[in-house]
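Here the structure is laid out as structure tokens; the discussion comes afterwards.
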């Protein structure tokens, strides 16, 4: 079981990484964002798999709440920053698929 200080340390690590992820997203550094996302996932997996978390009280509880709130704010801001890029990628994929279908259709019609 993690003690209070270990729990705070784990959340601080995740918070630091999500802050870096937000910065990468705002700079449209998609490769760095992907690397940081993997790192963040590994940190979260540690929290999930290493056993139960001891309850935290008082100042530590407040610190944990603030860290969780920051992580959630960063997550929302990352999504806001990446959404236009993801929409653009989706449009390109759909466009490519449509062009391929049209080409196949017209090439099939030309061969008859």
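Below are the figures for this structure:
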read-out: Matching residues, the range 51-68, being out of contact with any helix residue (DSSP H, G or I) (no Cβ under 9 Å at 6 or more places or on another chain) and either over 16 Å from residue 10 (Cβ atoms) or part of a loop (DSSP other than H, G, I, E, B) (or both); value: 51, 52, 58, 59, 62
read-out: Residue within the range 88-96 that is surrounded by 11 or more Cβ atoms within 10 Å (Cβ to Cβ), in contact (Cβ under 8 Å) with a residue 40 or more places away in the chain and out of contact with any strand residue (DSSP E or B) (no Cβ under 8 Å at 6 or more places or on another chain) present; value: no
read-out: Extreme residue, surrounded by the most Cβ atoms within 10 Å (Cβ to Cβ), among residues of the range 6-47 that are more than 14 Å from residue 68 (Cα to Cα) and touching a residue at least 40 places away in the same chain (Cβ under 8 Å); value: 21
read-out: Residue 51, sole failed condition from (1) at pLDDT below 95; (2) surrounded by fewer than 18 Cβ atoms within 10 Å (Cβ to Cβ); (3) on the phi < 0 side of the Ramachandran plot; value: (3)
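The values are calculated or read from the model by the stated rules, or taken from the named source; none is laboratory data. Just so it is clear, the structure is predicted and the values come from calculations on it, not from any experiment. Here Cβ is always computed from backbone atoms with ideal geometry, including for glycine, and neighbour counts include all displayed protein chains.
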